[in-house]
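A short write-up of the structure that comes next.
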Amino acid sequence: MIDFINQLPKTELHLHIEGTLEPETMFRLAKRNGIELPYTTVEQIREDYNFSDLQSFLDIYYKGAAVLIEEEDFYELTKEYLEKAHQDNVKHVEIFFDPQTHTQRGIPFKKVVEGIHRALEEARGNYGLTSRLIMCFLKHLSEEEAIETLKEALPYKEWIFGVGWDSTELGNPPQKFKKVCDMALSEGFITVNHAGEEGPAQYIWDSIKELHIRRVDHGVRSIDDELLLEYLRRSRIPLTVCPLSNIKLCVFSDMKEHVIKKLLNKGLCVTVNSDDPAYFGGYINRNFIEIWKALDLSKEEIAQLAKNSFEASFLSIEKKQQYYNEIDTQLEGIESASMLG
Ligand code: HPA
Ligand code: ZN
């Protein structure tokens, strides 16, 4: 099964580039940029990664991002992630970046976006790994600050496919960002939103109604609302679920309690993603392996999750069909091999 998971073509649709900052890279960049870290060893950093909820993670995550200063830093960070994604047989990525985490520290928007974009273009050339970039606004900041950030992004519109919202969910409902959302939509960006991670199912409804989202990031609290489940099933609005993240941030107490299999079997377009893999203990294939082990998923269910990842992406219908066929071929290969004994 592990080989099957590793070899499946897949997309990653919920990945914060700042969340791929491995402790080793954090040290290297801190040294290069003359920044003091409150740690002396990589082991010390990893020991600090014991979170009780989303906020306890965010506090550490924003501190880590302080080592990112130059365009080259954003480039190297992105390049290192894309190498790992390629090793995991990821064919397409839709990556979040949090410009406000950097512009608030005086780092120019230009350096952030140019570094990330350069690495994305290089991976397209080197591996045929395609990508889209999604700019996230931080929910704990004001709507006015989001509007300022949107204006800063306009010169880079060609490079940024959509906008989303991340950071503290509770207390920051979707309605807070209706105006900036309408501005982004009128500029031609698509929208997605982190909703129903710690917040209630109502925040998913509100994201659909008020922010016109094309995907729900996380969305696991949809399990509490039968009407919403039915709406998500019929509309096939995808959920970008992040299993290891949910365990690390105590959204579920144990992987055996995770609802991803239930959501899949109810016919929702659920996908598997790694969120902030440097902080949560694994990249995308590790996420697949952990849910397979805990929830006893079949090969067909794993293949469906991989197919869903293409369906949920912003790839062309032709590309999606090509990958569905590849996944079917791999599944059939496995089935005929097992019949032969
Ligand atoms: N939720 C909210 N904000 C975030 C996350 C997340 O999973 N990852 C990085 N910022
Ligand atoms: Zn996230």
Subject >> segment 10-290, dipole about Cα centre (Lys/Arg Cβ +1, Asp/Glu Cβ -1), debye to the nearest 20 >> reply: 880 debye
Subject >> Karplus 3J(HN,Hα) series, Hz, for segment 169-180 with 6.51 cos²θ - 1.76 cosθ + 1.60 (x for Gly, Pro) >> reply: 7, 5, x, 10, x, x, 4, 4, 10, 4, 5, 5
Original post:
Local charge sum around I69 (other residues, Cβ-Cβ under 11 Å, Lys/Arg +1, Asp/Glu -1)?
Top reply: -1
Original post:
Can you give the net charge of the other residues whose Cβ lies under 13 Å from the Cβ of I223, counting K and R as +1 and D and E as -1?
Top reply: -1
**OP:** Whole number in Å², please: accessible area per residue of the chain, 1.4 Å probe, ligands, DNA and RNA not counted.
**Re:** 40 Å²
Subject >> Carbon and sulfur %, accessible surface of segment 10-290 computed with the full protein complex present, 1.4 Å >> reply: 50 percent
Subject >> Amide H within-cut-off set for F137, under 5 Å, with H built and near neighbours excluded >> reply: G164, W165, D166
Original post:
Say the dipole of segment 10-290 comes from +1 at the beta carbon of Lys and Arg and -1 at that of Asp and Glu; which of V180, G34, N50 then lies farthest toward its positive end?
Top reply: V180
Original post:
So which GluC sites (Glu not before Pro) in segment 1-76 pass both tests, a DSSP loop state and at most 11 other Cβ atoms within 10 Å of the Cβ?
Top reply: E36
**OP:** Per residue of segment 16-28, in order, report the coupling 6.51 cos²θ - 1.76 cosθ + 1.60 (Karplus, θ = phi - 60°) as ³J(HN,Hα) in whole Hz, putting x for Gly and Pro.
**Re:** 8, 4, 5, x, 9, 6, 6, x, 4, 5, 4, 5, 4
Original post:
Considering only Cα-Cα distances, which of the following residue pairs are longer than 18 Å: K79/K307; K266/K319; K111/K139; K31/K84; K151/K178?
Top reply: K79/K307; K266/K319; K111/K139; K31/K84
Original post:
Which aspartates and glutamates does K209 reach when only Cα atoms under 20 Å apart count, and residues fewer than 8 places away in its own chain are ignored?
Top reply: E143, D166, E169, D182, E187, E197, E198, D217, D224, D225, E226, E230
Original post:
Among rounded, prolate and oblate, which fits the chain when a ≥ b ≥ c are the square roots of the eigenvalues of its C-alpha gyration tensor, a/c under 1.5 means rounded, and a/b larger than b/c means prolate?
Top reply: rounded
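For segment 102-223, what is the relative contact order in percent, using Cα pairs closer than 8 Å and at least 6 residues apart in sequence?
Computed over segment 102-223, the figure is 20 percent.
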Subject >> Label-point separation in nm, R28 to S298, each point 7 Å along Cα→Cβ >> reply: 4.4 nm
**OP:** Name the residues whose placed amide hydrogens come within less than 5 Å of the amide hydrogen of L21, ignoring near sequence neighbours (fewer than 5 apart) on the same chain.
**Re:** A278
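The values are calculated or read from the model by the stated rules, or taken from the named source; none is laboratory data. Because the structure is a prediction, the values reported are computed rather than measured. Neighbour counts are summed over all protein chains in view; Cβ atoms, including those assigned to glycine, are modelled from backbone coordinates with ideal geometry. Ligands, DNA and RNA are excluded from the accessible area calculation, which covers all protein heavy atoms including side chains. Shrake-Rupley method; radii C 1.70, N 1.55, O 1.52, S 1.80 Å.
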